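Novice: Shown below is the structure under consideration.
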């Protein structure tokens with residue numbers, strides 16, 4: 001495997017050996033079409049290995065499905081680890097996939113031409129890079145995403161079929177039935193496993209399992225979230241993360257639990273609008289960094305002998321994201337030059353003053369009562385009502401106004417340099433804040449706030465205590481590209497182990 005990242009498929013012989021040995025390192029990276037059965041599988045499928053001449057290999061489920069294969073009912077391609085978000089080679093493809101996950105090609109009104117325009121490339125160029133890296137067109141990728149998400153809901157929940165169709169983005173129940181009949185030669189209801197329906201603690205909860213590529217350092221992720229949990233919005237309890245959420249004006253809550261033996265996170269969603277479920281799942285994946293091919297990342301960073309020691313100490317350390325880009329940006333500004341505890345207190349005051357209340361039927365914990373205020377609410381507020389420097393209050397207002405003006409402000413629409421430059425045009429946003437927002441909100445794998453005090457201290461701690469300046473750190477970090485965000489996480493973790501608490505946001 002090594003550093004295979006958004007590259008051509010390995011030789012067919014290599015792929016077949018991975019299938020024979022059920023090599024989990026290839027799970028989510030290749031899919032196997034079997035001509036004798038007409039199905040496509042994950043390389044870890046438990047069925048008897050088909051003959052070599054019957055196998056064809058694809059870099060995406062969409063490519064296998066476009067070639068005429070249907071998803072296997074045993075190994076369930078829909079639950080394979082999603083490793084497309086941060087593969088790090090084709091910026092255009094991974095940014096497009098992030099937007100498709102948010103529904104950029106759902107509905108007749110959303111076109112490939114519009115998606116290409118948002119990404120700053122031509123439509124023909126977008127189709128070309130999709131075929132090169134995924135073996136399928138953007139439309140095929142979006143359609144496969146809908147089918148596989150619907151299949152997961154059928155298998156793992158007790159949602160009615162009309163709800164499944166709506167949640168997966170089908171225009172009608174009739175169209176949903178037609179697609180499944182055409183693909184599986186049976187109605188969607190027949191795919192439901194009667195003895196394996198997952199149900200949440202509350203009647204209206206939808207519960208799904210999201211697989212990741214192991215290892216996964218859940219303790220570090222949970223510690224990060226707990227240290228920054230805003231009163232009324234987030235809580236860490238019984239090794240679970242709970243929070244309130246708002247998507248397109250609707251309000252609800254989620255609960256995330258680690259299932260270590262199943263190498264997955266279980267997410268229970270309590271929400272009034274089923275059409276928002278794919279977007280919610282995509283946000284959970286980004287928040288918990290489930291798309292990281294952590295073996296490739298750790299191997300790359302370990303080429304630096306000193307950083308290798310940090311990787312050995314914390315295998316599976318992820319780069320935490322945020323639920324919402326605007327929320328991350330506001331938290332970053334609140335946390336400028338103050339401690340984690342002080343930033344958290346300010347965020348709690350902001351929520352109490354401007355947050356919308358959560359209806360009781362959609363609270364998954366009694367202490368969770370507000371959602372984080374959205375950009376429109378802060379932009380229109382006559383006063384933000386926080387005791388902090390006037391310049392920083394002005395920056396909060398400027399970010400809110402910029403987000404209202406440009407709803408795609410925190411979307412992955414360019415490379416790291418373009419993203420940082422775009423954010424720095426906002427009054428009061430400097431290099432550190434822009435890099436930090438790019439890392440947490442835009443999910444830039446190469447974001448690196450080199451002036452951060454915690455990073456500098458962390459770098460000094462692994463360099464024998466010698467003082468490190470930002471220029472020297474940036475020079476050294478060149479060899480960490482394109483995974484500098486993960487190197488930053490290791491440096492912050494080293495700093496925290498020494499008793500400090502950066503970054504504050």
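Novice: Which condition does residue 169 not pass, out of (1) touching a residue at least 60 places away in the same chain (Cβ under 8 Å); (2) crowded, with 20+ Cβ neighbours inside 10 Å; (3) assigned to a helix (DSSP H, G or I), if it passes all the others?
Specialist: (3)
Novice: For the range 43-71, which residues satisfy the criterion of being over 14 Å from residue 144 (Cβ atoms) and assigned to a loop (DSSP other than H, G, I, E, B)? Explain how you work it out, then say what you get.
Specialist: Looking only at the range 43-71, we keep the residues that are over 14 Å from residue 144 (Cβ atoms), and these are 43-57.
Within the range 43-71, 43, 44, 45, 46, 47, 48, 49, 50, 51 meet the criteria.
Novice: Oh, and also: Can you go through 438, 459, 421 and tell me which one is in the same structural domain as residue 392 (by TED's automatic domain parsing) and surrounded by 24 or more Cβ atoms within 10 Å (Cβ to Cβ)?
Specialist: On the way: 459 fails: in the same structural domain as residue 392 (by TED's automatic domain parsing); 421 fails: surrounded by 24 or more Cβ atoms within 10 Å (Cβ to Cβ).
On inspection, the qualifying residue turns out to be 438.
Novice: Let me ask something additional. Name, by its number, the condition in (1) touching a helix residue (DSSP H, G or I) at 6+ places or on another chain (Cβ under 8 Å); (2) modelled with pLDDT under 95; (3) crowded, with 20+ Cβ neighbours inside 10 Å that does not hold for residue 91.
Specialist: It fails just one condition, (1).
Novice: Failed condition for residue 396, given (1) modelled with pLDDT under 95; (2) under 21 Å from residue 428 (Cα atoms); (3) crowded, with 17+ Cβ neighbours inside 10 Å, with all others met?
Specialist: (1)
Novice: Also: Exactly one condition in (1) buried (at least 16 other Cβ atoms within 10 Å of the Cβ); (2) touching a helix residue (DSSP H, G or I) at 6+ places or on another chain (Cβ under 8 Å) is false for residue 257; which is it?
Specialist: (2)
Novice: Identify all residues within the range 206-227 that are more than 12 Å from residue 288 (Cβ to Cβ) and surrounded by fewer than 21 Cβ atoms within 10 Å (Cβ to Cβ); write none if there are none.
Specialist: So the first thing to find is which residues in the range 206-227 are more than 12 Å from residue 288 (Cβ to Cβ), and the list is 206-209, 213-215, 219, 223, 226-227.
Within the range 206-227, 207, 209, 214, 215, 219, 223, 226, 227 qualify.
Novice: Only one of (1) free of Cβ contacts under 8 Å to residues at least 12 places away in the same chain; (2) farther than 28 Å from residue 295 by Cα is not met by residue 66, so which one is it?
Specialist: Among (1) free of Cβ contacts under 8 Å to residues at least 12 places away in the same chain; (2) farther than 28 Å from residue 295 by Cα, residue 66 violates only (1).
The values are calculated or read from the model by the stated rules, or taken from the named source; none is laboratory data. As the structure is a prediction and not an experimental result, all values here were calculated from the model. Cβ atoms come from the backbone with ideal geometry, glycine included; neighbour counts cover every protein chain shown.
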